[in-house]
Amino acid sequence: MKLSHRSAIAISVGLVFLLAVLLTYERRLAFVAILVIFITSIWAAIDSHRVGLTGYRTRIALHPLVLFNAMYLMWPVLFPWYLVVCSKIRDGTLARK
């Protein structure tokens, strides 16, 4: 399945919007936002190891632990970027190192 840049950004913006609405109406559920970011960061780290991300030419080709930390801290930027990169890897359009 090819995921375009727009689709990846739409998914991320949708998640951010959903979390923002949730936090606007119920501050006590802030842990849900943190949990979503934490879980998607773990998923990206595990998935990056599975697809061999470090073997490709991309600035996001980081060791899974480093990717997890970076994604957890900069989730709105790195999550859509990761989705696009993984889509290119699965399509075979991303160059190897």
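The values are calculated or read from the model by the stated rules, or taken from the named source; none is laboratory data. Since the model is a prediction, treat every value here as computed from it, not as a measurement. Reconstructed Cβ throughout: ideal geometry from the backbone, glycine too, with neighbour counts over all protein chains shown.
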Requested in this report: Would you check if residue 67 is modelled with pLDDT of 95 or more, buried (at least 19 other Cβ atoms within 10 Å of the Cβ) and under 19 Å from residue 34 (Cα atoms)?
Outcome: yes
Query raised in the report: Pick from 39, 34, 11, 60: which is in a helix (DSSP H, G or I) and in contact (Cβ under 8 Å) with a residue 24 or more places away in the chain?
Result: 11
Query - Odd one out for residue 16, checked against (1) β-branched (Val, Ile, Thr); (2) out of contact with any Pro (no Cβ under 9 Å at 6 or more places or on another chain); (3) in a helix (DSSP H, G or I); (4) surrounded by 14 or more Cβ atoms within 10 Å (Cβ to Cβ) - result: (2)
Query raised in the report: Can you find even one residue in region 71-85 that is surrounded by fewer than 18 Cβ atoms within 10 Å (Cβ to Cβ), under 12 Å from the mean Cα position of the chain (by Cα) and modelled with pLDDT under 90?
Result: yes
